[in-house]
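Report on the following structure.
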Amino acid sequence: MAWLKEVVERAERERGDWEGVLRRRELAPRVRERLEMVKAAALGQGVAGIAQWVGRSSPTVRLWLRRYRDGGVAALADAPRAGRPVKADRPYLQALEAAVESPPPSLGLPFDVWTSDRLSAYLAETTGVRIAPGWLRALLARRDFACGRPKHTLKHLQDPDEVAACQAALAEAGEKGGGRAGPVRTPLSG
């Protein structure tokens, strides 16, 4: 197992590098797991012990340790995913959060409540990235923002005295017709 000795030697030389990477909060969980494998190897653990500890097979542990030996910390990252690159990158998501957390009038907009259509149009104008309102709602849900319909009332336009008079009139009408209903069918005589 000369290759494992090479892994340990490289890990000892680059200890500061991979320990610094392990301290980062935004580190992807799979990369963190692979770096923990390297750390365990540097601490003297064997492949079987590391495999049991991380819950992976011994060939998987050997694969990642050899990759580290050949390419260092950078070799432990995932390969780029196939498909279209994301439109909602970090700057877009920061602009989304900033817009949602501020009322539209404070941004110079002529409305009081965000809708997904309005928010999509505003972000398209400010960031240059157009995302459909339905997908925008999904992004908001992922970031724990609640989406819902605003409850519009006319309470602020009502006169309290007139409301009280109407409620009294309804109560009085309810008392007059409040008797028990008669039978639906009456028996025919004879």
Residues of the range 141-166 being of a type in the set (A, V, I, L, M, F, W, C), open to solvent by 70 Å² or more (accessible area, probe 1.4 Å) and under 21 Å from GLU97 (Cβ atoms), in sequence order, are ALA146, CYS147
By residue number, the members of the range 90-117 that are more than 19 Å from the chain's Cα centre (by Cα) and either assigned to a helix (DSSP H, G or I) or farther than 19 Å from CYS147 by Cα (or both) are PRO104, PRO105, SER106, LEU107, GLY108, LEU109, PRO110, ASP117
Checked the range 92-111 for anything over 20 Å from ILE131 (Cα atoms) and polar (S, T, N, Q); matches are SER106
Exception for PRO85 within (1) closer than 30 Å to LEU107 by Cα; (2) in a helix (DSSP H, G or I) falls at (2)
Original post:
In the range 81-92, is there at least one residue being at pLDDT 90 or above and surrounded by 15 or more Cβ atoms within 10 Å (Cβ to Cβ)?
Top reply: yes
Among the residues of the range 93-106, the number that are open to solvent by 70 Å² or more (accessible area, probe 1.4 Å) and of a type in the set (Ser, Thr, Tyr) is 1
Filtering the range 70-80 down to residues that are in contact (Cβ under 8 Å) with a residue 12 or more places away in the chain and either open to solvent by 80 Å² or more (accessible area, probe 1.4 Å) or not in a loop (DSSP other than H, G, I, E, B) (or both) yields VAL73, LEU76
When restricted to LYS87, LYS39, the only residue among the charged types (D, E, K, R), touching a residue at least 24 places away in the same chain (Cβ under 8 Å) and either in contact with a strand residue (DSSP E or B) (Cβ under 8 Å, 6 or more places away or on another chain) or under 30 Å from GLY134 (Cα atoms) (or both) is LYS87
Within the range 90-129, residues being touching a residue at least 12 places away in the same chain (Cβ under 8 Å) and among the charged types (D, E, K, R) number 3
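The values are calculated or read from the model by the stated rules, or taken from the named source; none is laboratory data. In this text, all values refer to a predicted model and were calculated from it rather than measured experimentally. Please note: Cβ atoms are built from the backbone with ideal geometry, for glycine as well, and neighbour counts cover all protein chains shown. Heavy atoms of the whole protein, side chains included, go into the accessibility calculation; ligands, DNA and RNA do not. Shrake-Rupley method; radii C 1.70, N 1.55, O 1.52, S 1.80 Å.
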